[in-house]
Structures are given as C-alpha cells and as structure tokens.
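The next block holds one structure in the form of structure tokens; read it before the comments.
The values are calculated or read from the model by the stated rules, or taken from the named source; none is laboratory data. The shown structure was predicted, so the numbers you read here are calculated from the model rather than taken from an experiment. No Cβ is skipped: glycine too gets one built from the backbone with ideal geometry, and neighbour counts run over all protein chains shown. Heads up: the accessible areas ignore ligands, DNA and RNA and are worked out on the full protein's heavy atoms, side chains in. Shrake-Rupley method; radii C 1.70, N 1.55, O 1.52, S 1.80 Å.
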Amino acid sequence: MTAPDLATAVRDLMPRAQQELAELVAFPSIADPELGLEQECRAAAQWVADALRAEGLTEVRLLDTPDGTQSVYGELLSRPDAPTVLLYAHYDVQPELDAKAWTTPPFELTERDGRWYGRGAADCKGNILMHLTALRALRQVDGSLPVNLKVIVEGSEEQGTGGMEKYALGAPELLLADAIVIGDVGNFANGLPTATASLRGITEVEVEVRTLAGNLHSGQFGGAAPDALAALIKMLGTLYDENGATTIKDLPADQTWPGVSYPEDRFRADARVLDGVELIGGGDIADRLWARPAVTVLGIDVPSVLHSTSSVQAGARAKVSLRVPPGMDVDAAQAKLIAHLEAVAPWHVSLRLTPLSGGAPFLAETSGPAYEALRGAMREAFGQKMVVAGEGGSIPLCNTLRTLYPSAEIVLIGVEEPGCQIHALDESVDPVELERMALAEALFLRAYAGTRGN
C-alpha cells in the first residue's frame with residue numbers, strides 16, 4: 001500500500017480520535033494525592049488499557065508503581081525478524097488551575113476556532129490518541145503492524161514522583177526495545193516537523209522562613225520586628241540579575257545552543273508576552289530555553305490580598321524550581337541552589353531548605369536508523385524537512401531508559417506545539433497537527449521496520 005492510502009486512513013479516523021479524546025479528557029486524572037482523585041486516575045488508566053486491548057495488544061495490564069499510581073503496559077510481539085518499538089505517553093495531567101477562568105470547562109473537550117480545548121488535550125492525552133490513531137491506520141491499510149510493539153502509558157509524569165522510573169529499574173526487561181518513541185513533546189512550530197533532541201532536567205527546593213512566634217500588628221511592631229515574607233522576597237530576588245537571568249553562585253549560565261534558532265518575535269507570540277514587556281535573560285532565545293539553567297518561583301504560601309491583615313508575617317514558604325541543561329549534574333545544581341539560598345538569607349532568620357525530587361537532563365543521539373526513518377516519515381507527512389530542536393521541559397523517564405537500554409534510540413515527538421499552551425488555562429490541541437503527527441508516526445513505524453533495528 002502507498003502513503004496516500006495511509007494518509008486517507010488517518011484522516012478517516014479523526015472523528016473517532018476526537019470522540020475518544022473527549023472521553024479521556026473527561027477524567028480529571030491529576031495524580032496529586034492531596035486532591036483525592038485516585039479513582040479518576042484509575043478510571044483513566046483502565047480506559048487506556050481497554051483501548052490497547054481493542055487494538056490487539058496482548059499482556060495488557062495495570063502496573064502498580066512505587067509511588068502509588070498505575071501505569072498501563074501492553075505488547076504485541078509477533079514478528080521475530082522485526083525490530084521492537086516502545087511507544088510512551090502519560091495519562092495524568094496538570095491541575096486545571098482556576099476552572100472558572102477557562103473559556104470552556106477544562107475537563108470537557110470543546111471545539112473552538114479550529115482547535116480542541118481541554119486539560120490534557122495535548123499534554124499528554126492528545127499523544128495517546130496520536131499513538132492509537134497511528135496503530136489503527138497501519139492495521140487498516142497493511143493488515144497488521146510492521147514491528148514488534150510495546151506501549152507504556154505512565155500515571156504520574158506530571159507529579160515527578162518517579163513511579164515508572166523505579167518500576168522500570170526493578171523490571172529491566174519490561175521496556176527493552178530497539179527504538180523508543182516518547183510521545184510527550186511537540187513541533188517547534190505548528191506545521192514544522194520536529195524531533196526534540198535535548199531536555200533540561202529539573203530539581204526543586206522548598207524554602208521556609210520563620211522569624212517570629214506569631215504574626216504581629218504592623219503598626220505596633222512593624223519597622224523593628226523581622227518580617228518573614230520580606231526576608232523570603234529578598235532571598236528570591238537574588239536568584240535573578242538585573243536583566244532577569246538566572247544567577248546562582250557557582251552555577252554556569254553562559255552555555256549556547258548549537259541547533260535551530262528561536263526568533264524573538266515568534267517567541268513573544270508563542271509565550272503571549274504583553275506588549276512593551278521585556279524578555280528576561282541574555283543571549284539567544286534558544287540559549288536561554290535549552291542550554292542554560294533557569295530558576296522559577298513556583299509558589300509562595302502567604303496570605304492572599306483578599307484575606308490579608310495589617311500584620312508582620314511570622315513565616316513564609318516558597319517552592320523554587322531549577323531547570324538544568326544537558327551536561328550539568330542535577331544533584332550538584334540543587335546543592336548550589338541550596339547553598340546560595342543559605343548564603344543570602346538575611347537577619348539570621350530561621351531557615352529550612354527541603355530538597356525535592358527531580359530528573360536529569362537528556363541529550364539524544366540523532367544519527368541512527370530510527371532518526372533516519374523519522375526524517376523520511378516527517379518529510380512525507382508534512383511536506384518539508386524535519387528540524388531538530390531542544391525542549392526546556394523535563395521527562396525524567398528518558399534517562400532511566402537510556403541507562404537501562406544504552407543501545408536503544410530514543411525519539412521524542414508529539415502534538416504539543418506552542419499554541420497548545422500546555423499547563424496553562426485553555427490548553428488545546430490542533431486536530432490538523434494531531435492528524436499529521438499520527439500519519440508521521442505510522443509512516444515511521446513502517447519505515448523503521450525495514451531497517452532491522454536490532
């Protein structure tokens with residue numbers, strides 16, 4: 001069969017993809033135990049398991065991972081002379097933030113202006129549908145899959161608790177494959193076929209400052225009583241220089257990105273930066289996003305403006321994230337962040353710094369047969385040459401897979417182009433992008449089968 005037949009099959013499957021994505025988005029599968037959504041997460045896992053069984057995968061089962069969540073595994077190993085490909089995605093999602101601030105309900109897939117909106121529509125349930133649609137199209141056109149197949153769909157990637165990483169380390173044969181397709185990124189721009197070759201790692205630290213036995217009246221004691229919130233603000237401010245670049249003592253921040261550039265005007269549009277507001281940092285945009293460390297204050301525990309009183313604060317707490325580029329050790333970077341915060345704490349405040357879990361950066365090798373097959377598949381699906389870009393986010397499982405299977409090629413693709421606004425309000429997926437990526441994946445699997453990757 002020819003590629004146009006495969007393209008037609010994918011196109012005809014898109015209404016089903018929309019219906020099933022709506023079913024999957026309807027599960028608020030946020031893997032934070034404090035939210036009490038375990039049943040929703042398990043229901044989403046069961047939905048994925050049922051979908052894999054329906055596509056003929058065998059040994060489909062729910063894996064109880066060490067962090068208390070469930071991952072879904074399935075396989076179809078029926079071709080002794082063909083390479084084995086592992087497809088990855090995750091069904092857990094980020095919290096919806098303020099549901100009332102969404103234009104339409106976050107857990108109800110809604111079509112608007114040519115896009116499908118809903119939490120997880122792109123990250124990462126849209127990628128689950130990318131995988132399913134590619135497999136269905138191949139079976140319809142070719143009668144069967146051209147490769148041996150394994151699928152793993154994680155249940156706690158967004159929480160960063162390492163459940164699947166720990167499970168894989170304890171069962172090293174489970175995910176063994178010649179090529180691994182990580183469906184949890186996206187194209188550099190809508191319609192521009194992209195392989196992601198670089199991921200920043202991530203580490204986090206919780207900072208708690210205490211200065212008083214309890215809050216005090218700001219009129220009676222303000223001006224002499226040490227304010228914990230003011231101390232915390234002073235500490236956090238030292239993590240940035242006057243241009244907003246990350247500046248942590250002894251942590252290098254001058255690396256450069258050798259690949260595709262990111263024009264500033266396009267970045268401003270992708271990031272929806274307000275008119276007149278300056279970008280932070282120095283160097284090319286690609287350097288700042290993919291090659292250098294970047295610190296972000298994720299949250300601060302203080303009274304809200306609405307519930308504030310005229311008080312000097314006795315305590316304040318923040319969570320700080322540090323993105324770490326390839327070539328930089330995550331544990332060493334975390335230690336430098338902690339040492340920096342200890343050094344800049346004012347007024348001898350009582351300080352507690354709690355290191356949190358994270359993941360190492362990743363750099364792919366792009367010269368093997370899987371990438372060669374991907375280049376051809378992307379060109380055929382999109383009508384233009386594939387580019388290689390970096391990604392500022394983190395997927396901790398990538399380094400676990402590299403450690404377990406050093407000879408496997410790891411390919412990162414997906415539907416999460418910048419317009420998706422993942423992790424933000426009004427997350428969406430472009431169905432045209434989903435269709436093209438499903439076709440590209442189907443073409444890749446067909447082409448890679450001919451390379452005999454093992």
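For residues in the stretch 379-391 being surrounded by 17 or more Cβ atoms within 10 Å (Cβ to Cβ) and out of contact with any Ser or Thr (no Cβ under 8 Å at 6 or more places or on another chain), which is nearest to L439 (Cα to Cα)?
Looking at the filtered set, the residue picked out is A381.
Out of (1) in contact (Cβ under 8 Å) with a residue 24 or more places away in the chain; (2) open to solvent by less than 70 Å² (accessible area, probe 1.4 Å); (3) out of contact with any Lys or Arg (no Cβ under 6 Å at 6 or more places or on another chain); (4) closer than 21 Å to A332 by Cα, the odd one out for D254 is which?
Going through (1) in contact (Cβ under 8 Å) with a residue 24 or more places away in the chain; (2) open to solvent by less than 70 Å² (accessible area, probe 1.4 Å); (3) out of contact with any Lys or Arg (no Cβ under 6 Å at 6 or more places or on another chain); (4) closer than 21 Å to A332 by Cα one by one, D254 breaks only (2).
Among the candidates V25, V60, V72, single out the residue that is without any contact (Cβ under 8 Å) to a residue 60 or more places away in the chain, of a type in the set (A, V, I, L, M, F, W, C) and surrounded by 14 or more Cβ atoms within 10 Å (Cβ to Cβ).
V60
Considering each of E365, E391, E409 in turn, give the residue that is at pLDDT 95 or above and among the charged types (D, E, K, R). Break it down into steps so the answer makes sense when it comes.
Values: E365 fails: at pLDDT 95 or above; E391 fails: at pLDDT 95 or above.
Sole residue among the options that is at pLDDT 95 or above and among the charged types (D, E, K, R): E409.
For R119, state whether it is within 19 Å of L434 (Cα to Cα) and in a loop (DSSP other than H, G, I, E, B).
Yes.
Can you find a residue in the stretch 331-340 that is open to solvent by less than 50 Å² (accessible area, probe 1.4 Å), under 25 Å from the mean Cα position of the chain (by Cα) and without any contact (Cβ under 8 Å) to a residue 60 or more places away in the chain?
Yes, the stretch 331-340 has at least one match.
Among the residues of the stretch 211-228, are any hydrophobic (A, V, I, L, M, F, W, C), out of contact with any Lys or Arg (no Cβ under 9 Å at 6 or more places or on another chain), without any contact (Cβ under 8 Å) to a residue 60 or more places away in the chain and open to solvent by 50 Å² or more (accessible area, probe 1.4 Å)?
Scanning the stretch 211-228, I find at least one residue that is hydrophobic (A, V, I, L, M, F, W, C), out of contact with any Lys or Arg (no Cβ under 9 Å at 6 or more places or on another chain), without any contact (Cβ under 8 Å) to a residue 60 or more places away in the chain and open to solvent by 50 Å² or more (accessible area, probe 1.4 Å), so the answer is yes.
Please go through the stretch 30-57 and give me each residue that is open to solvent by less than 70 Å² (accessible area, probe 1.4 Å) and over 27 Å from L138 (Cβ atoms), ordered by number.
Hits for the stretch 30-57 are I30, A31, D32, G36, L37, E40, C41, A43.
How many of the residues in the stretch 159-196 are assigned to a helix (DSSP H, G or I), surrounded by fewer than 24 Cβ atoms within 10 Å (Cβ to Cβ) and touching a strand residue (DSSP E or B) at 6+ places or on another chain (Cβ under 7 Å)?
1
Can you pull out every residue in the stretch 430-448 that is touching a Lys or Arg at 6+ places or on another chain (Cβ under 8 Å) and over 25 Å from E111 (Cα atoms)?
Pass one, the stretch 430-448, residues touching a Lys or Arg at 6+ places or on another chain (Cβ under 8 Å): 430-431, 435.
Across the stretch 430-448, there are no qualifying residues.
In the list E23, E75, E40, E55, which residue meets the criterion of being touching a Ser or Thr at 6+ places or on another chain (Cβ under 9 Å), charged (D, E, K, R) and under 22 Å from M130 (Cβ atoms)? Talk me through it step by step, then tell me what you get.
On the way: E23 fails: touching a Ser or Thr at 6+ places or on another chain (Cβ under 9 Å); E40 fails: under 22 Å from M130 (Cβ atoms); E55 fails: touching a Ser or Thr at 6+ places or on another chain (Cβ under 9 Å).
Answer to the selection: E75.
Do you know which residues across the stretch 273-299 are open to solvent by 70 Å² or more (accessible area, probe 1.4 Å) and in contact (Cβ under 8 Å) with a residue 40 or more places away in the chain?
Result: I280, L298.
Looking only at residues that are in a strand (DSSP E or B) and open to solvent by less than 20 Å² (accessible area, probe 1.4 Å) in the stretch 75-88, which one is farthest from L445 (Cα to Cα)? Lay out the reasoning, then the answer.
Here is the first cut: in the stretch 75-88, the ones in a strand (DSSP E or B) are 75-76, 84-88.
Next, only the ones that are open to solvent by less than 20 Å² (accessible area, probe 1.4 Å) stay: 85-88.
Values: V85: 8, L86: 11, L87: 11, Y88: 14 Å.
In this case the residue turns out to be Y88.
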